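J.: A single structure is presented below for examination.
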Amino acid sequence: MLVLTRKNGESIRVADGIIFTILECGKGQVKVGISAPAHLSIHREEVYLRIREENLAAAQASSAVQALMKGVPKSLLKLVKGSGHSEGERGEPGQ
Amino acid sequence: MGDSSQDTSAESEWIEAAGPAHFPAGLPGFEDHKRYVLVSRNDMRPFIWLRSMDDPEVALPLISCLLLKKQVLPYITKEQLSLVGSPSLEGIAPYYVLRVDTGEGIITANTKAPIIINSKTKQGYQIFMDQENLRVDEPLVNLIPSSEDT
């Protein structure tokens, strides 16, 4: 791992268009500003790992479609039948 | 998708609910899978599956956020919309990823990281929400609107 020492306001550039800037440090934490192209996803590591874990578990559950249907609350099934919503329905602004 | 059922009726036939969508960043856990298609079965409504076109064995069960409480649409930022090439919410379909505990039979929805698909550009992204009241494992039963809500 590359280790660099930086002061408040100083930056680190990673490749083209990715810049980490130290905005504030102290009290056991560091506030970092990140400038990067929009197509790059940037997340807190622990949050990313939790979402990853959930996705992997969800994909495993997809093989148990019958179990999924057994677990569905009856009130939801009634709601779907009565709503006319389709699976691919698009969201509209303000909903 | 490993449905072991031998039912071959039209009710249990997998159909495409929407055309292929491109996920430029993949999905957490499936970063190398970029192309997905939404598939559904009549007997599985209201659930649909986001199936990888790179590996059809990979499929995530979803439900449209529009059917449920805790709407995320008002909280989606312009930056997040730009990830699917949209300047507004028009044409945006939001979904929660579902997880089922086969032992307990409990279904939870990941309201913290909904999947959005732009029906116009056919681009998709799993976005992360900052709102404190959203959870990765919200029991589905908590999200069902009461009769007063509908």
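J.: Inside segment A:33-56, can you point out the residues that are among the aliphatic types (A, V, I, L, M) and under 18 Å from residue B:59 (Cα atoms)?
T.: The answer is A:51, A:56.
J.: Something else: Out of the residues in segment B:120-129 that are touching a strand residue (DSSP E or B) at 6+ places or on another chain (Cβ under 6 Å) and over 20 Å from residue A:52 (Cβ atoms), state the one that is surrounded by the fewest Cβ atoms within 10 Å (Cβ to Cβ).
T.: B:122
J.: Also, quick follow-up: Would it be correct to say that residue B:132 is part of a helix (DSSP H, G or I), loosely packed, with under 14 Cβ neighbours inside 10 Å and out of contact with any Gly (no Cβ under 8 Å at 6 or more places or on another chain)?
T.: Here the answer is no, as residue B:132 does not meet what is asked.
J.: Here is a further query. Looking only at segment B:50-73, filter to residues that are without any contact (Cβ under 8 Å) to a residue 24 or more places away in the chain and more than 21 Å from residue B:139 (Cα to Cα); which one of those is farthest from the other protein chains (Cβ to nearest Cβ)?
T.: Among those residues, the one meeting the criterion is B:54.
J.: A further question follows. Has segment A:33-51 got any residue that is surrounded by 10 or more Cβ atoms within 10 Å (Cβ to Cβ) and more than 14 Å from chain B (Cβ to nearest Cβ)?
T.: yes
J.: Of all residues in segment B:28-49, which are within 13 Å of the chain's Cα centre (by Cα), of a type in the set (A, V, I, L, M) and within 9 Å of chain A (Cβ to nearest Cβ)?
T.: Once the filter is applied, which keeps residues that are within 13 Å of the chain's Cα centre (by Cα), of a type in the set (A, V, I, L, M) and within 9 Å of chain A (Cβ to nearest Cβ), segment B:28-49 yields B:38, B:48.
J.: Looking at segment A:12-40, which of its residues are within 28 Å of residue B:81 (Cβ to Cβ) and in a strand (DSSP E or B)?
T.: The answer is A:13, A:14, A:18, A:19, A:20, A:21, A:23, A:31, A:32, A:33, A:34, A:35.
J.: Where residues in segment B:16-27 are more than 10 Å from every other protein chain (Cβ to nearest Cβ) and in a strand (DSSP E or B), which of them is surrounded by the most Cβ atoms within 10 Å (Cβ to Cβ)?
T.: B:21
J.: If a residue has to be open to solvent by less than 40 Å² (accessible area, probe 1.4 Å) and over 13 Å from residue B:66 (Cα atoms) to count, how many in segment B:92-108 make the cut?
T.: Of the residues in segment B:92-108, the ones open to solvent by less than 40 Å² (accessible area, probe 1.4 Å) are B:92-98, B:100, B:105, B:107-108.
Add one more test, that the residue is over 13 Å from residue B:66 (Cα atoms), and what stays is B:97-98, B:100, B:105, B:107-108.
Summing the residues that are open to solvent by less than 40 Å² (accessible area, probe 1.4 Å) and over 13 Å from residue B:66 (Cα atoms) in segment B:92-108 gives 6.
The values are calculated or read from the model by the stated rules, or taken from the named source; none is laboratory data. The shown structure was predicted, so the numbers you read here are calculated from the model rather than taken from an experiment. All Cβ positions, glycine included, derive from the backbone under ideal geometry; neighbour counts span all protein chains shown. Keep in mind that these areas ignore ligands, DNA and RNA; they rest on the heavy atoms of the full protein, side chains included. Shrake-Rupley method; radii C 1.70, N 1.55, O 1.52, S 1.80 Å.
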